[in-house]
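Everything on this sheet refers to the single structure shown next.
Derivation of every value follows stated rules applied to the coordinates shown; laboratory data play no part. None of these values were measured; they are calculated from a predicted model. With ideal geometry, Cβ positions are generated from the backbone for all residues, glycine too; neighbour counts draw on all protein chains shown.
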Amino acid sequence: MAAHAQATNLNGTVALSSQLVDRGQAVTPQTAILQGAGSYSFATGWSVGLSASTEVRSPDRISEALAQASRSWSLAADWQARAVLAYYDYPSNAHARAYNRVEATFDWIYRDVLTFGLSAIYGINTEGSRLRGAADVDFHWPLPRHFSFSAGVGVTRSAVTPCNAGGQGCASSYGYYQPGYYEPVPAETYGYGHAGLIWSMGSWHMELDRVLTSGLTHPPGGFDTAPWVATISYSF
């Protein structure tokens, strides 16, 4: 039992963010978001985790819940691989129910500096085609005085089917559109990215990111993505 205990690692994190943004798309209003996460890692490379988020002004409502399992292993001296299976749910967030999904991701990681990932996404409440993909590249570089630079870009297809004014019958169960006034058009492919600074010392971590999107249509009734997103977290 002692040997088994030494081969596992239980970690937790609590965080406060200015907004939840999912691949460039806001899934909450621009308000304080409280987050909590826990993970259990094994010496074999397996890890399981749970997390939840809520608006500070409505702590009794879960804005996002996540469950995931992952497996990491070494490919070479400087390269690692990671496979992740995750389930995202937005139980008390009517504007984000279209983003409920199961997502499988495979990452290639170079020295914890560069990560390239490919994802297959199956939408639970998506209108139209349920299966879509995403590709992401993330870069992390350490700087002096506990700072580091972080940046990333990606491309995916929107989970929400946009509508054009003047059509008929584009009713939505998510309340984005008015029935009989819009017509559906194919879900768009769009790009997204971020660049920012991270400060870390011990268990504390602070991050400020500039968030950008290209080609993403804002759905009526949805949330605007803030140009800047800030997060402070404590790990234990």
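Placing a pseudo-label 7 Å from each Cα along the Cα-to-Cβ vector at L143 and S92 gives an inter-label distance of 3.7 nm. For the pair N125 and Y234, a Förster radius of 25 Å applied to the C-beta separation gives a FRET efficiency near 0.15, rounded to the nearest 0.05. One chain, two ends: N9 and S150. Fully extended at 0.36 nm per residue, the span grows by 48.1 nm beyond their Cα-Cα distance.
The distance between label points at S200 and T217 comes to 4.0 nm (points 7 Å beyond Cα on the Cα→Cβ vector). Rounded to the nearest 20, the Cβ-based charge dipole of region 85-151 about its Cα centre (Lys and Arg +1, Asp and Glu -1) stands at 80 debye. Spherically averaged projected area of the convex hull of Cα atoms, region 77-145: 6.8 nm².
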